[in-house]
1. For the stretch B:279-301, which residues satisfy the criterion of being buried (at least 17 other Cβ atoms within 10 Å of the Cβ) and either free of Cβ contacts under 8 Å to residues at least 12 places away in the same chain or not in a helix (DSSP H, G or I) (or both)?
2. Among the candidates B:Pro16, B:Pro8, single out the residue that is facing another protein chain (nearest Cβ under 10 Å), assigned to a helix (DSSP H, G or I) and over 19 Å from the mean Cα position of the chain (by Cα).
3. How about the stretch B:71-187: which helices (runs of 4 or more DSSP H) wholly inside it have at least 1 residues that are among the charged types (D, E, K, R)?
4. Count, please, the residues in the stretch B:188-220 that happen to be more than 15 Å from ligand 2 (Cβ to nearest atom) and assigned to a loop (DSSP other than H, G, I, E, B).
5. Which ones in the stretch B:32-52 are assigned to a helix (DSSP H, G or I) and more than 11 Å from chain A (Cβ to nearest Cβ)?
6. How about the stretch A:6-18: which of its residues are surrounded by 12 or more Cβ atoms within 10 Å (Cβ to Cβ) and more than 7 Å from chain B (Cβ to nearest Cβ)?
7. Using the structure shown, decide if A:Ala89 is within 14 Å of chain B (Cβ to nearest Cβ) and modelled with pLDDT under 95.
8. Anything in the stretch A:19-53 that is at the interface with chain B (Cβ under 8 Å from one of its Cβ atoms) and either assigned to a loop (DSSP other than H, G, I, E, B) or touching a residue at least 40 places away in the same chain (Cβ under 8 Å) (or both)? List them, or say none.
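The values are calculated or read from the model by the stated rules, or taken from the named source; none is laboratory data. Values in this document were obtained by computation on a predicted structure and should not be read as measured data. As a convention, Cβ positions derive from the backbone with ideal geometry for all residues, glycine included, and neighbour counts pool all protein chains shown.
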Amino acid sequence: MPLSILIPMVVIGIAGIAVLLHLLGLSRPRRFDDEAAARAAWLREFPANPPARVILCHDRSAALIETVQGAGVVWPMGADSTARPLAGARIAPAAGGIIIHLPDFTAPRIRLRLDADEARQWLSKLEQTA
Amino acid sequence: MTDQITYPDVVNFAVPLFIAAILIELAWIVTKKRGGRYETRDALTSLIMGAGNVASGIVLGFVAWGFFMALWAITPLDLGTAWWVVVLCFVLDDLRYYWVHRFGHRIRWVWASHVNHHSSQHYNLTTALRQTWTGTFTFMMVVRAPLILLGFHPAMVLFVGGLNLIYQFWIHTEAIGRMPRWFEWLMNTPSHHRVHHGRNARYLDANYAGVFIIWDRLFGTFVPEQDDEKVDYGLVHNLGTFNPLRVAFHEWLAIFRDMAQPGLTLRQRLAYAVAPPGWSHDGSRQMTPEIKAAHLARHPEDAGTPGFD
Ligand SMILES: [Zn+2]
Ligand SMILES: [Zn+2]
């Protein structure tokens, strides 16, 4: 197939599907219903390291996890979630929350939306662990 | 003479079909409110990975093609182009696919390329297109060498390989439950391939088939989808990024970092490349058997059930 047909078809196809999905409201990130949902999301990644404490942020978009092996975070990946321990993390305040920089090529930057009180609380918690 | 035979570049010609099928699946899910899930960034990443796969084929395809034509030049055998030769080639190439795919999950060097196909937490038709950019570097083209040495023309081998990929497109869906019994026995199906995409301990390293599921039945890697255990799609350690470059290269980087650690023996460095994913020199990570054992320790009632026998 000539590239002069293949390339426009692929580009228009991809862009069209992405725009359509967005217009259908399918870009909404996951929200954790409650602490139990955040706990389950953590256990889904680390079944051998159960949370001792789960601190869900007020808009339910992420949770700080405390375990005997150290702190971690669960956050949305699109409609789903993932989780990482926070060992080695660099945490910085950012507009509307904090940014966590991890020494992890597959999760280099985690942007969390927190209100001012939460941001302070998380920063102090995370400074103890990271 | 037969050096000039050409077959259509089937995967490229299937692109409009892929787009149409995705739109139909999406319409089905949106109207019926069941049969799968779509998310914008996940789908976009999958589609970009698919486009990059085609591009890498255009850029790097000459490597495998040069290798195949060199084999074709030395083999004294030529099976010709009769229809039954094409059919035989398709079946044998599917056996080739089974082993390449099994290596893809059991040798970290090959997994580094294949991992991205499993990196979505979704399972829909776009997931089928989430294909590798780095297949050339796995050297898995050598597994096709016997076919060419047996007298199947390289163009035919690539043609049936393309058909194989196209077959696998439609099975990446939750919109289809089960096919008729005889079909589920013989062919790879949405149900069987859902299992293959599962990160559940039960479903790890199962159902490597491309077109015919019988290879898994034959070689002991078949696990049927369980009605009481929904497949959890994705990787044992799910990615925290949608960036296609990170998706494409992360495991290669991880291999090189592991190999470059100070204080390892040469044997350990090599094992980081060729041992199964999850191998580590100090036992700090888990491979499939350990993941299954840890699951059974938490859920002893699952012992002896499919995937745990
Ligand atoms: Zn696979
Ligand atoms: Zn697949």
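1. B:Trp279, B:His281, B:Gln286, B:Met287
2. Numbers: B:Pro8 fails: assigned to a helix (DSSP H, G or I).
Unique residue meeting the criteria: B:Pro16.
3. By residue number, B:83-106, B:108-114, B:181-186.
4. The total comes to 2.
5. The one that is assigned to a helix (DSSP H, G or I) and more than 11 Å from chain A (Cβ to nearest Cβ): B:Lys32.
6. Once the filter is applied, which keeps residues that are surrounded by 12 or more Cβ atoms within 10 Å (Cβ to Cβ) and more than 7 Å from chain B (Cβ to nearest Cβ), the stretch A:6-18 yields A:Ile7, A:Ala15, A:Gly16.
7. On the way: within 14 Å of chain B (Cβ to nearest Cβ): yes; modelled with pLDDT under 95: yes.
Yes; evaluated as a whole, the condition is true for this residue.
8. Scanning the stretch A:19-53 gives A:Leu24, A:Leu26, A:Ser27, A:Pro47, A:Ala48.
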